[in-house]
1. So which of I218, I159 ends up being open to solvent by less than 50 Å² (accessible area, probe 1.4 Å), modelled with pLDDT of 95 or more and over 16 Å from T253 (Cα atoms)?
2. For the stretch 20-73, give me each residue that is out of contact with any Leu (no Cβ under 8 Å at 6 or more places or on another chain) and hydroxyl-bearing (S, T, Y).
3. For the stretch 94-114, does any single residue satisfy the condition of being modelled with pLDDT under 95, open to solvent by 70 Å² or more (accessible area, probe 1.4 Å) and not in a loop (DSSP other than H, G, I, E, B)?
4. With respect to K239, determine if the residue is closer than 23 Å to D195 by Cα and free of Cβ contacts under 8 Å to residues at least 24 places away in the same chain.
5. Of the residues in the stretch 33-58, how many are surrounded by fewer than 21 Cβ atoms within 10 Å (Cβ to Cβ), farther than 25 Å from L448 by Cβ and under 29 Å from the mean Cα position of the chain (by Cα)?
6. Are there any pairs, at least 6 apart or on different chains, whose C-beta atoms fall under 8 Å, with the first in the stretch 352-370 and among the basic types (K, R) and the second surrounded by fewer than 19 Cβ atoms within 10 Å (Cβ to Cβ), and if so, which?
7. Do we find a residue being in contact with an Asp or Glu (Cβ under 7 Å, 6 or more places away or on another chain), under 19 Å from I291 (Cα atoms) and either open to solvent by 60 Å² or more (accessible area, probe 1.4 Å) or not basic (K, R) (or both) anywhere in the stretch 469-479?
8. Kindly indicate whether Q437 is of a type in the set (S, T, N, Q) and open to solvent by less than 40 Å² (accessible area, probe 1.4 Å).
Amino acid sequence: PNDYNFTNEGELNNLGYKYLNNKEVKSAIEIFKLLVSEFPNSANAYDSLGEAYHADDNLDKSLKNYQKSLKLNPDNANAAKWIDIIKYPTMDTTKFYKVYPKQEYIDDIQTLATTLTTRNPHPYKYMSKADFWKVVEEKKCLLHDKTTFSEFIWHCSEIVANLNCGHTGLGYFNQQSAMLPIEFRFPLEVKLIEDKLYVSDPLSNKDKIANGEEIIAINGKSINELKNDIYKHIKSQAKVKSFKRLLFNGYSTAYIPYSLGFPKLYKVLLRGKSKPIILKGIETYKPKPRIHPENPCQDILCLDITSKKNTAVMTIRSFAYYGNRFSTYKKFIDESFLKIQSNGIKNLILDVRMNGGGPSDAGIYLLRYLAKEPFKYFKSAAFNEKREPFKPFKEQFKGKVFCVIDGDGGSTTGHFMSLIKHLNLATLVGEELGSNQFCTGGQISFRLPNTEIFYAVGRYTYITTADSFSDERGIMPDHHVVQNITDYLQNVDTVMEYTKALID
């Protein structure tokens, strides 16, 4: 009793998560079992026990506890989400064709729009209130008693995207792609580069189309029209198109069918050809891994001393090292800079491409190795956290820094890079970053009452002291460089090679 207040539900819950975060799952389960016995009417207690059982791969008990939590609190979107994940681990693909009553669709659209605009603190920052609600009403008019779930979720994605908040959305395009029947999938892999669409893998159409050919129209729709329509449905931070481009490239075989209304036949018109080519469908599809198998760095954190000895490449594909995991990140950063110092490195290439963010601690810790003077990180932050000046480490890197960036850098990566540019600490190479100094994080999950679509809404505002940049654009590179289609097909890292040449 001197160590724990057992009348406080939160203390037992925190103790359970302490065991869970330390991978002591069996101990966590015992604590959460005690928690539900002490607080049998707590939805949160059963939610925690459900999570622990899931970590122990006991899906039956996990499901039962999540269902109990949802019964006690019907608004517990987290429990509802995990119930669906357990019951439909590969997505309930039958939902693609499912039809709900028109009024249920309309009610869900209204719920979605109302939740977005009341829970996000900046719903009209990038689109006026009048324009936002005009789109909502237009979507309601398109709904009817034969509207399918797949058509409805496509409408929802545009409404969510209009907030232009990187932490608010339906996730990526995973759920829409997962339930897409194979007969509708676009049977080519393509890459959008500088507003031109190129074939990156013909899949089942190798006898008709070669890698690298440019497509100028699909089913009579120009690539520019198609791109503009799809971009309206992709969430992004502010009005950053580089993120939309990369997400389009990652899910192009699914985005194109949704935009074109799920045609069963595809015709493409190639540059230099007078007639369109009818494509052969595919029977199976597995997307390629994000990291090429030949990439020298296959992990999230890598340090490579190049053959020129005076240059090092530090790859950080994620800042998401929360809680006890932060020690792993800290150890990598400390050991890397010790190695950089002992090897007499003069040039550091910091590769933060694909880095979707994480806690601010990760960005701050790395900055302390790069900053020349004490710095303030946040100008404005929820809970007033981390506003004090941070001092550079004594072992700070004193050479030249080059940051390699892309549209896939979100959240804390935008905060970190805004300070890098504001403090003039590095030369930036690549394309416009997918985020900037402003973001609304602390997302919370919701579920639409009828169609049960899950979505997240950012709640808390974080703005760094680098507030001289536009909130409408991502952090801009000093050298705009993107990988062309030839280099992509030959696995040449155009941006990295350009950076190394810049150092030379």
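1. Details: I218 fails: over 16 Å from T253 (Cα atoms).
The unique qualifying residue is I159.
2. S27, S37, S62, Y66, S69 - these are the residues of the stretch 20-73 that are out of contact with any Leu (no Cβ under 8 Å at 6 or more places or on another chain) and hydroxyl-bearing (S, T, Y).
3. Within the stretch 94-114, one or more residues are modelled with pLDDT under 95, open to solvent by 70 Å² or more (accessible area, probe 1.4 Å) and not in a loop (DSSP other than H, G, I, E, B).
4. Against the criterion (closer than 23 Å to D195 by Cα and free of Cβ contacts under 8 Å to residues at least 24 places away in the same chain), K239 does not qualify.
5. Counting residues in the stretch 33-58 that are surrounded by fewer than 21 Cβ atoms within 10 Å (Cβ to Cβ), farther than 25 Å from L448 by Cβ and under 29 Å from the mean Cα position of the chain (by Cα) gives 4.
6. R368/F390; R368/K391; R368/P392; R368/F393; R368/Q396
7. No, the stretch 469-479 contains no residue that is in contact with an Asp or Glu (Cβ under 7 Å, 6 or more places away or on another chain), under 19 Å from I291 (Cα atoms) and either open to solvent by 60 Å² or more (accessible area, probe 1.4 Å) or not basic (K, R) (or both).
8. yes
The values are calculated or read from the model by the stated rules, or taken from the named source; none is laboratory data. All of these numbers come straight from a predicted model, not from anything done at the bench. A quick note on method: Cβ atoms are made from the backbone with ideal geometry, for glycine too, and the neighbour counts reach across all protein chains shown. Accessible surface areas use protein heavy atoms only, side chains included; no ligands, DNA or RNA. Shrake-Rupley method; radii C 1.70, N 1.55, O 1.52, S 1.80 Å.
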